Amino acid sequence: MEAVVEEIVAPEDLEKFGRKYKAELEKGSVSKNTKFEYAWCLIRSKSSTDIKTGIELLDDLIHKGTKDDQRDYLFYLAVGNYKLKVKMQTLYPSPATNTLITYGLVGMAIVGGIGLGVAGLAGLIGLAVAKKAG
């Protein structure tokens, strides 16, 4: 998890996916994949403004994807919000900021736990179906 939070996007990747996003936007329709790729780059930027834009794009996507897509969007939303809170704490240390960071970490843990629970449940269902068939 730490590697994902600390990862910084290469400037050429940010530019490449930004051009792709803007080209589709000019045509009037941006695909979910293009929007996600650009948001993913923005979330990994050093700039707070870029991170906020990435969060806005992911927030829009989270209501439109499949359950698997939504899990990915939610994960990167958590990463983006965490990164903003860390920057906020560095600039403005306060007990309120610490509380926000704690909530962000708890949120990421919940998302990870839900993912593991769903995978475990799917495995148990698959095992039960295999036993009945066999």
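What follows draws every value from the coordinates through simple rules; no lab data is involved. Note that the structure is predicted; figures quoted are calculated from it, not measured. Neighbour counts run over all protein chains shown; Cβ positions are idealised from the backbone, glycine included.
For the reader, a short list of remarks on this structure follows.
- In this label model, Lys132 and Asp13 are separated by 4.3 nm, measuring between points 7 Å along each Cα→Cβ vector.
- Lys52-Ile110 FRET efficiency (beta carbon distance; Förster radius 25 Å; 0.05 resolution): 0.65
- Taking the C-alpha atoms of the range 1-66, convex hull volume expressed per residue in Å³: 89
- In plain terms, the chain from Lys64 to Asn33 could stretch by 10.0 nm, reckoned as 0.36 nm per residue minus the Cα-Cα distance.
- Model label points for Val5 and Leu124, set 7 angstrom from Cα along the Cα-to-Cβ axis, are 3.1 nm apart.
- Close lysine pairs were tallied over the range 1-67: pairs 8 or more places apart or on different chains with Cα atoms under 22 Å apart number 25.
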